[in-house]
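Engineer: I'd like to ask some things about the structure below.
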Amino acid sequence: MKSAVLVFPGSNREGDVARALELVTGVKPTLVWHADTSLPAGTDLVVLPGGFSYGDYLRCGAIAARAAIMDAVRAHAARGGLVLGICNGFQILCESGLLPGVLVRNARLRFICREALLKVERNDTPFTRRYAKGAVVRYPVAHGEGNYTADADTLKRLEDDGRVVFRYVMADGRRDDTQVLNGAANSIAGIVSEKLNVLGLMPHPENHVDPLVGPTDGRALFESIVGALERA
Amino acid sequence: MKARVLVTLKSAVLDPQGKAIEGALRSLGVPGVASVRQGKVFDVELDTTDAAKAEATLKDACEKLLANTVIETYRIEFVG
């Protein structure tokens, strides 16, 4: 499995996700600079890591979404290639039009850095096949702008098509849209594209992969990708 | 020519920053403030004197980068 991790000025989780990918797949990913115009030949997975690309200037992810490498990412996605955007990567995917909606300032204006409980809404995507449908998992979150918003039509389309893959839930596993940590519409933490090959999520699965540092709930996401590519 | 582009949140979009500023004005005792919404201002210098051309350029800039039309609207004003 060949993965490429994009690096923008201000990305800071590329090391975390590269480490997680190497741990799970046994292969080191290639780091790809934003000004490059092509992905390494044979790339299976493109990862847009977390961080603060361009210092969050203008809007989170707005400038990175217009970087030279993004045309190659769009072409990769159009071919059905896998794309994973985590945190700032999710913001970039929304700004680039690869995913609908936008991530705005957290409802209570605070930067949230803690563990979040998420429900895996479906396990028939390339990113979640190693989870049980409806499983509740723990991933850390660290963001100031994770409040997912879209117009009513877009939200309805996402729900009707079952494109919400991860949702924030309470300690008892229930969804409560009035108590979402960041105010996200419909408790949305992560969504996929129509063809299920582009996933964007605010929480960080790459930080829960090693028993040395805590829970390993994030591992199955990377194992899912390996499994999906083997099957393809 | 010089232009000013104003980008503001659509009225249906919650503006927590505006709300916080509104609260701060209230706690400072500034009277008569009913509500505050925060936006962005871009002062742009264009190397043309053709107003129609300048407007087309700025519209393009807004649609491509300056505004996220999912949540924001923009207004173009010419100054001077």
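Engineer: From the list B:THR57, B:THR69, exactly one residue is of a type in the set (S, T, N, Q) and either within 12 Å of another protein chain (Cβ to nearest Cβ) or loosely packed, with under 14 Cβ neighbours inside 10 Å (or both). Which is it?
Structural biologist: None of the others qualify; the one that does is B:THR69.
Engineer: Let me ask another. Could you list, in sequence order, all residues of region A:46-70 that are more than 14 Å from chain B (Cβ to nearest Cβ) and of a type in the set (Phe, Trp, Tyr)?
Structural biologist: A:PHE52 - this is the single residue of region A:46-70 that is more than 14 Å from chain B (Cβ to nearest Cβ) and of a type in the set (Phe, Trp, Tyr).
Engineer: Do the conditions hold for B:VAL79, that is, is it surrounded by fewer than 16 Cβ atoms within 10 Å (Cβ to Cβ) and more than 13 Å from every other protein chain (Cβ to nearest Cβ)?
Structural biologist: Values: surrounded by fewer than 16 Cβ atoms within 10 Å (Cβ to Cβ): yes; more than 13 Å from every other protein chain (Cβ to nearest Cβ): yes.
Judged against the criteria, B:VAL79 is a match.
Engineer: Kindly list, by first and then second residue, each pair from a residue in region B:44-66 that is closer than 27 Å to A:TYR54 by Cα to a residue that is part of a helix (DSSP H, G or I) and of a type outside the set (Ser, Thr, Tyr), limited to pairs with Cβ atoms under 7 Å and residues at least 6 apart or on different chains.
Structural biologist: B:VAL44/B:LEU58; B:LEU46/B:ALA54; B:LEU65/A:ARG66
Engineer: Additional query: Name the single residue that is surrounded by the fewest Cβ atoms within 10 Å (Cβ to Cβ) among those in region A:156-171 being basic (Lys, Arg) and assigned to a helix (DSSP H, G or I).
Structural biologist: A:LYS156
Engineer: To continue, here is another question. Given the residues A:VAL192, A:VAL180, A:VAL209, which is the only one that is within 12 Å of the chain's Cα centre (by Cα), of a type in the set (Val, Ile, Thr) and crowded, with 24+ Cβ neighbours inside 10 Å?
Structural biologist: A:VAL192
Engineer: How about region A:46-60: which of its residues are surrounded by fewer than 17 Cβ atoms within 10 Å (Cβ to Cβ) and in a loop (DSSP other than H, G, I, E, B)?
Structural biologist: Passing the criteria: only A:TYR57.
Engineer: Out of A:ASN197, A:ASN182, which single residue is farther than 26 Å from A:GLU22 by Cα and of a type outside the set (D, E, K, R)?
Structural biologist: Only one candidate qualifies: A:ASN182.
Engineer: Tell me yes or no: at least one residue of region A:74-81 is buried (at least 19 other Cβ atoms within 10 Å of the Cβ), under 19 Å from A:GLY190 (Cα atoms), within 14 Å of another protein chain (Cβ to nearest Cβ) and not polar (S, T, N, Q).
Structural biologist: No, there is no match, as no residue in region A:74-81 is buried (at least 19 other Cβ atoms within 10 Å of the Cβ), under 19 Å from A:GLY190 (Cα atoms), within 14 Å of another protein chain (Cβ to nearest Cβ) and not polar (S, T, N, Q).
Engineer: Further, regarding this structure: Starting from region A:85-98, take each residue that is within 13 Å of another protein chain (Cβ to nearest Cβ) and farther than 18 Å from A:LEU221 by Cβ and list its partners that are among the β-branched types (Val, Ile, Thr) and in a helix (DSSP H, G or I), counting only C-beta distances under 8 angstrom and pairs at least six apart or across chains.
Structural biologist: That search, which allows pairs on different chains as well, returns A:SER96/A:VAL73.
Engineer: Does A:THR43 qualify as being among the polar types (S, T, N, Q), assigned to a loop (DSSP other than H, G, I, E, B), under 19 Å from the mean Cα position of the chain (by Cα) and away from chain B (no Cβ under 14 Å)?
Structural biologist: Taking the combined requirement at face value, the residue satisfies it.
Engineer: Looking only at region A:4-29, count how many residues are over 19 Å from A:ALA67 (Cα atoms), touching a helix residue (DSSP H, G or I) at 6+ places or on another chain (Cβ under 7 Å) and of a type outside the set (A, V, I, L, M).
Structural biologist: Matching residues across region A:4-29 total 4.
Engineer: Only one of A:VAL5, A:VAL17, A:VAL32, A:VAL27 is in a strand (DSSP E or B), closer than 15 Å to A:ILE225 by Cβ and touching a residue at least 24 places away in the same chain (Cβ under 8 Å); which?
Structural biologist: A:VAL5
Throughout, read-outs are computed from the coordinates displayed, never taken from laboratory work. Because the structure is a prediction, the values reported are computed rather than measured. Glycine also receives a Cβ, built like all others from the backbone with ideal geometry; neighbour counts cover every protein chain displayed.
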